[in-house]
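The values are calculated or read from the model by the stated rules, or taken from the named source; none is laboratory data. As the structure is a prediction and not an experimental result, all values here were calculated from the model. Positions of Cβ are generated from backbone atoms using ideal geometry, with glycine treated the same way; all protein chains shown enter the neighbour counts. In case anyone asks, the SASA skips ligands and DNA or RNA and just uses the protein heavy atoms, side chains included. Shrake-Rupley method; radii C 1.70, N 1.55, O 1.52, S 1.80 Å.
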Amino acid sequence: MFQFARKAAALLAAASVGGLLGAAPAPASAQTLKVVMHSDLKIVDPIWTAAYIVRNHGYLVWDTLFAMDEKFEVKPQMVDKYDVSSDKLTWTFTLRDGLEWHDGTSVTSDDCIASIKRWAAKDSMGQKMMGSVEALENVDAKTFKMKMKEPYGLVLQSLGKPSVNVPFIMPAKVAATAPDTQIKAEDVIGSGPFIFKRDEWKPGEKVVYVKNPKYKPRSEPASGLAGGKVVKVDRVEWIAMPDVQTSMNALLAGEIDMIESPGHDLLPVLAKDKNVKLFTANPLGSQYIFRYNVLSKPFDNPKIRYAAAVALTQEPFLQAVVGDTQWYKPCKAMFICGTPNETLAGMDEVLNGDSAKAARLLKEAGYDGTPIVLLQSTDLQVLTNLAPVAKAQLERAGFKVDMQSMDWQTHVARRSKKDGWSAFLTAWGAADILDPLMHGSFNSSCDKAMAGWPCDAEIERLRDAYAKESDAAKQKAIVEAVQRRWTQYPTHVHLGQWYAPLALRKNVTGSLAAPVTIFWNIEKK
């Protein structure tokens, strides 16, 4: 989920670009990739948190058993071979030869079993899978079995889940950490393509990773998050620089090599510079979300939630934040346009900005004028303008809206409480919302669901059915049923897809299309 945590923007914006980077001597520039990410790294445990910056950190340090390629197909990654019994109740996994942790010890089956258990305790998709698992058993150092209580259709999709929470494989002693307790920086020991330099980590200034000399990439070409993770630079440095104007100046001056999330209003300037290029690494983009609190009036009434979905329309939101049609797409499909689960089932009557119809629905639902307490975050450029647009559209339909503005951290803390708010706006990366099981906004398990706490047995029944179904056509039928059920029990409203290219110096080559910013295959020339 969108969890940017920019800080001290004014302080860093006031610093000169040269002075900022000059504070730390740079190693050989031809082998060091200097990058400004969307946020600073403060937490190092990608299982404890769903923050995207920690997920990105995870992909440098740790590896996964399976991974999704650019065609959305799940392929073995740490796994060499796997087998499923004819009754689909026993899965057997064998690791590749030569997998080592950064401390030189071997990756074992016990590491994998412990890591799967810790991940599944936190992740909604992992929780569903483990509900069908009878036992995880060590066969030998490289082989383990997953015995199921019943056939489960999404074993590979779960273990190859591309985004939060990613089932990264950690050493068993690290994975023994309680899921609700963060692992320590000294425990950031992976088997992935880069090594985290704890001794050089300076929160608020930079994060350093160096090439893992013992990493053995797969032989297949890199594709999405799968295939050979061949590292072609010696170091990757994440430079903390939260002000977008400062980072743009640094890129134009050649003092950094890449910006992960340049502001959309600066893209025309960057596009005109002969030394800079824009690259859309995540062609599926992200989706804006209007999230209800179903425990709070007036959105405790599903008919009033539906009326809001009728009142809203996507394009004004996308215009208000992104602006250029090159970087956004109105899309009524809840599971992302351009993917196998794209469907318009149930969507005809919603997201048309039909304020007259929404007003009639509000009257029929008995709306009593209770104000919507709408949370607005003010310090994230990609979110700030959303709430005023929602307020205007809802008020046209007859809603009363109390928009309350606050910084992002306060916003996150406020929405974690079950009362005192009615709705907020955020964004999901497409890789997190490709189906009903992955999509956290559809988790309708009451107290176990995300902030907003929808509680609907029918949606949960459909999500369970999707998880146990392996036939693609039948899965698609369930997706359509989920969307139709959503019209009766809305959990959120989707407000369109948007895209944010990487900005790179032209001497940086090899960037790959993937739903996560990755650093293998990249080189400086």
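Annotations
- Computed from backbone phi with θ = phi - 60° and the Karplus coefficients 6.51, -1.76 and 1.60, the 3J(HN,Hα) list for the range 171-178 is x, 4, 5, 7, 5, 6, 4, 4 Hz; x is used for glycine and proline.
- Computed on the range 124-201, the Cα convex hull volume stands at 133 Å³ per residue.
- Taking the C-alpha atoms of the range 269-316, convex hull volume expressed per residue in Å³: 139
- Amide H within-cut-off set for K400, under 5 Å, with H built and near neighbours excluded: I372
- The calculated P(r) of the range 370-525, using every Cα pair and 5 Å bins from 0, goes 1, 7, 13, 15, 16, 15, 12, 9, 6, 3, 1, 0, 0 in percent.
- The calculated FRET efficiency for the pair K418 and A271, based on their C-beta separation and a Förster distance of 41 Å, comes to about 0.35.
- Dipole-positive endmost among M248, G160, V133 within the chain (Cβ charges, Cα centre): M248
- K147 contributes about 60 Å² of solvent-accessible surface, heavy atoms of the protein only, 1.4 Å probe.
- Evaluated at q = 0.11, 0.21, 0.23, 0.26 Å⁻¹, the base-10 log of the normalised Debye intensity for the range 220-310, with identical point scatterers placed on the Cα atoms, takes the values -0.60, -1.10, -1.22, -1.33.
- The per residue volume of the convex hull around the alpha-carbon atoms of the range 28-154 is 155 Å³.
- Here the relative contact order of the chain, from alpha carbon pairs under 8 Å that lie six or more residues apart, stands at 20 percent.
- Computed on the range 154-235, with alpha-carbon pairs under 8 angstrom and 6+ residues apart, the relative contact order is 19 percent.
- The phi torsions of the range 49-58, fed into the Karplus equation with coefficients 6.51, -1.76 and 1.60 and a -60° offset, translate into couplings of 10, 9, 4, 5, 5, 6, 4, 4, 4, x Hz, rounded to whole numbers, with Gly and Pro shown as x.
- Cα point-scatterer Debye curve for the range 451-525, base-10 log of I(q)/I(0) at q = 0.25, 0.27, 0.28 Å⁻¹: -1.14, -1.23, -1.26
- Built amide H within the under 5 Å cut-off of L495, gap 5+: Y288, I289, F290
- On full extension, the segment bounded by A457 and D402 gains 16.7 nm, given 0.36 nm per residue less the C-alpha separation.
- Over 19 Å between alpha carbons, listed pairs K81/K128; K216/K524; K277/K525; K232/K524; K229/K277: K81/K128; K216/K524; K229/K277
- The chain - mean residue ellipticity at 222 nm from DSSP helices (-39,500 (n - 2.57) per run, n ≥ 4, rounded to 500): -7500 deg cm²/dmol
- Q182 versus D87: modelled label distance in nm, points set 7 Å from Cα along the beta carbon direction: 4.6
- About its Cα centre, the chain has a charge dipole of approximately 340 debye under the convention of +1 per Lys or Arg Cβ and -1 per Asp or Glu Cβ, with nothing else charged.
- Note on the range 359-445: Kirkwood hydrodynamic radius from all Cα pairs is 14.6 Å, rounded to one decimal.
- With a 1.4 Å probe rolled over the protein heavy atoms of all chains, the accessible area of Y367, Y59 falls in the order Y367, Y59, largest first.
- For the pair D80 and K147, a Förster radius of 25 Å applied to the C-beta separation gives a FRET efficiency near 0.80, rounded to the nearest 0.05.
- Quarter of Cα convex hull surface for the range 69-129, i.e. mean projection, nm²: 5.9
- For the chain, accessible area per residue (1.4 Å probe, heavy atoms of protein chains only), Å²: 37
- Working value for the range 93-251: equivalent-ellipsoid semi-axes of 31, 19, 17 Å, each the square root of 5 times a Cα gyration tensor eigenvalue, largest first.
- Largest to smallest accessible area among V269, V61 [probe 1.4 Å]: V269, V61
- Placing a pseudo-label 7 Å from each Cα along the Cα-to-Cβ vector at A365 and F279 gives an inter-label distance of 4.5 nm.
- Farthest toward positive dipole pole in the chain [+1 Lys/Arg, -1 Asp/Glu at C-beta], among A120, A308, M334: A308
- Zone of S470's modelled label, taken as backbone nitrogen in the range 137-153 under 16 Å from a point 7 Å along Cα→Cβ: 146-153
- Under Karplus coefficients 6.51, -1.76 and 1.60, residue-wise ³J(HN,Hα) of the range 94-110 in Hz, glycine/proline x: 10, 6, 5, 5, x, 6, 10, 6, 4, 8, x, 7, 7, 6, 10, 4, 4
- Applying 0.36 nm per residue to the separation of Q488 and E200 and subtracting their alpha-carbon distance, the gain on full extension is 98.4 nm.
- Contour excess over end-to-end distance, with Cα ends at K506 and D110 and 0.36 nm allotted per residue: 138.2 nm
- Unmatched cysteines, the chain - criterion: no other Cβ of a Cys under 4.7 angstrom: C112
- Close amide H partners of S223, meaning residues 5 or more places away or on another chain with modelled amide H under 5 Å apart, are G228.
- Note on the chain: Rg/Rh from C-alpha atoms, Kirkwood Rh, equals 0.96.
- At 1.306 mPa s and 10 °C, Stokes diffusion of the range 95-155 via Kirkwood alpha-carbon radius, µm² per second: 126
- Scattering curve values for the range 259-417, log₁₀ I(q)/I(0), Debye with Cα scatterers, q = 0.14, 0.17 Å⁻¹: -0.82, -1.13
- Pairs from K417/K448; K329/K506; K42/K206 whose Cα-Cα separation, in the structure shown, is over 19 Å: K329/K506
- In the chain, taking the dipole from charged Cβ atoms about the Cα centre, the farthest positive-side position among L344, M146, G263 is held by G263.
- List E220, E364, ordered by accessible area with a 1.4 Å probe, largest first: E364, E220
- When a 1.4 Å probe is rolled over the protein heavy atoms, the share of accessible surface on the range 153-270 that falls to carbon and sulfur comes to 50 percent.
- Inter-probe distance in nm under a simple model that places probes 7 Å from Cα toward Cβ, at T410 and D97: 6.0
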